[in-house]
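Each remark here refers to the structure printed beneath this line.
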Amino acid sequence: MSENSNTTPSATPAGWYPHPGSEAAPGSEMYWDGSDWRTDMVRQPGASGTAAAGPVKRPWYARKAVIIPVAVVAAIILIGGVGSALGGGSSSRDAAPQTVQDDATSEVAAQPEPEPVMIVVPNVVAQSGATARATLEALGLRVAAEGDETMPVIAQDVAEGTTVEEGSTVTLTLEAKPQLTRGQENAIRSAQSYLDFTAFSRAGLFDQLTSEYGEGYEGADAEFALAYLEQNGLVDWNAEAVESAESYLSFTSFSRQGLYDQLTSEYGEQFTPEQAEHALTAVGY
């Protein structure tokens, strides 16, 4: 390419000549190859004042002619990689968890069913319905019972010693609750009222219920009332003995033997010897 073909005729021999461009530094030279200027061969003046050869930077469009296409290719590859990650690549990643999940499902499905827990059914006949229920449920069995569970069990549908699976139901038959007479109902209420007021032994409370100077109940009604309280957990004779001993000691002083005699005497509280000993131990004797 000629920057100034009019400056040097084509007949000029090849060689170094003053730079034909007006923007060139003073003293710089460009090589003429005999037919055209070599813009890539320019030399600047040396330190001694003579021109020195040196490479000339090519225009940016010439220098980047190869770099630009390479960068474009790299960008295409990069975009293709991102597209693969967002598109096709995600499919491969999604497939892996599915395979793991399928394997886990197969493993779970292949596990055998656990062996059932087996229970040996005990005998609960003669227990109260409430006690029998607690016994069976503690073993992991279900209980079906109709009626008043304060009444005793008279039958069970699964025999004692039978082995059943945990969670099986045992049906209980309870004794029918008797219809109380008016005398029995009143005797029960009177007995509870006396026990709420002060301590009594069984014999002492019986006397109070039947005495002509007390309530005057028939002996059968009084006995029914005391048995009813015992069967339904409404009285604890040991606790009554302790309460009586504490009451005596809060009133006056007693020796161990004196307090024992007072608790067991037929003219005193009429507790049994075992109940009196329990009370003495409880109060520190």
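Some points to look at:
- Condition met for E266 (modelled with pLDDT under 95, touching a helix residue (DSSP H, G or I) at 6+ places or on another chain (Cβ under 6 Å) and either farther than 29 Å from Q127 by Cα or of a type in the set (D, E) (or both)): no
- Taking first residues from region 185-200 that are under 17 Å from Q270 (Cβ atoms) and partners that are open to solvent by 70 Å² or more (accessible area, probe 1.4 Å), the Cβ contacts under 6 Å between residues at least 6 apart in sequence or on separate chains come to A199/E243.
- Residues satisfying the stated conditions in region 247-269, i.e. in a helix (DSSP H, G or I) and crowded, with 18+ Cβ neighbours inside 10 Å: Y248, L259, Y260, L263, T264
- Restricting attention to region 166-211 and to residues that are acidic (D, E) and in contact with a strand residue (DSSP E or B) (Cβ under 6 Å, 6 or more places away or on another chain), the residue that is surrounded by the most Cβ atoms within 10 Å (Cβ to Cβ) turns out to be E175.
- Taking region 143-165 as the range and being of a type in the set (S, T, N, Q) and either open to solvent by less than 60 Å² (accessible area, probe 1.4 Å) or closer than 28 Å to E223 by Cα (or both) as the test, the residues that pass are T150, Q156, T162.
- Residue that is farthest from H278 (Cα to Cα) [pool: residues in region 235-256 that are in contact with a Leu (Cβ under 7 Å, 6 or more places away or on another chain) and touching a residue at least 40 places away in the same chain (Cβ under 8 Å)]: V235
- Listing of helices (runs of 4 or more DSSP H) fully contained in region 174-246 that carry 3 or more residues being modelled with pLDDT of 95 or more and touching an Asp or Glu at 6+ places or on another chain (Cβ under 8 Å): 182-197, 202-210
- Cross-chain or 6+ apart pairs with Cβ under 7 Å, region 116-137 first and of a type in the set (D, E), then open to solvent by less than 30 Å² (accessible area, probe 1.4 Å): E137/V143
- Of all residues in region 219-245, those that are among the aliphatic types (A, V, I, L, M) and surrounded by 16 or more Cβ atoms within 10 Å (Cβ to Cβ) total 8.
The values are calculated or read from the model by the stated rules, or taken from the named source; none is laboratory data. Everything quoted here is computed from the prediction, not taken from an experiment. A quick note on method: Cβ atoms are made from the backbone with ideal geometry, for glycine too, and the neighbour counts reach across all protein chains shown. Calculation scope for accessible area: heavy atoms of the full protein, side chains included, ligands and nucleic acids excluded. Shrake-Rupley method; radii C 1.70, N 1.55, O 1.52, S 1.80 Å.
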